[in-house]
1. Please go through region 81-112 and give me each residue that is without any contact (Cβ under 8 Å) to a residue 24 or more places away in the chain and surrounded by 13 or more Cβ atoms within 10 Å (Cβ to Cβ), ordered by number.
2. For the list (1) surrounded by fewer than 14 Cβ atoms within 10 Å (Cβ to Cβ); (2) at pLDDT 95 or above, I need the number of the one condition that Leu38 fails.
3. All but one of (1) loosely packed, with under 13 Cβ neighbours inside 10 Å; (2) under 18 Å from Pro96 (Cα atoms) hold for Lys69; which doesn't?
4. Just to check your reading of the model, which residue among Lys69, Lys85 is in contact with an Asp or Glu (Cβ under 6 Å, 6 or more places away or on another chain) and among the basic types (Lys, Arg)?
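The values are calculated or read from the model by the stated rules, or taken from the named source; none is laboratory data. Since the structure is predicted, the reported quantities are computational estimates derived from the model, not experimental observations. Counting neighbours? That spans all protein chains shown, and the Cβs are built from the backbone with ideal geometry, glycine included.
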Amino acid sequence: MNRLALPIALAVLAFAVPTFAQTRAAPTPPPASDLIDLNNASRDDLMTLDGIGEVRADAIIRARPFRAKTELVERRLIPEHLYDKIADKVMARPPPGPPAPTPARPTPQKRT
């Protein structure tokens with residue numbers, strides 16, 4: 001009976017460790033559809049973020065467009081400690097640019 005106790009205990013631990021590790025994992029970020037786009041969000045949407053009031057929301061809107069959300073700190077719109085609080089809730093989807101130019105067809109040259 002003692003010979004079976006050790007393998008059973010090891011088997012129980014083998015299944016318990018991954019379960020324990022999963023409960024301690026970092027929280028997953030929200031899906032992209034739940035993120036606030038800095039380039040398109042309304043003033044009210046921006047104000048739902050922690051630490052973003054009327055003045056900062058207006059400053060973000062005036063500073064558009066953003067190529068990356070880190071520009072909030074780089075342009076000194078918000079302090080770094082505030083960025084750390086909201087970074088997982090925002091994104092900066094690039095604004096649509098002008099359509100790519102279509103290549104011109106070469107004009108046929110007349111032979112003389």
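1. Tyr83, Ala87
2. (1)
3. (1)
4. Result of the check over Lys69, Lys85: Lys85.
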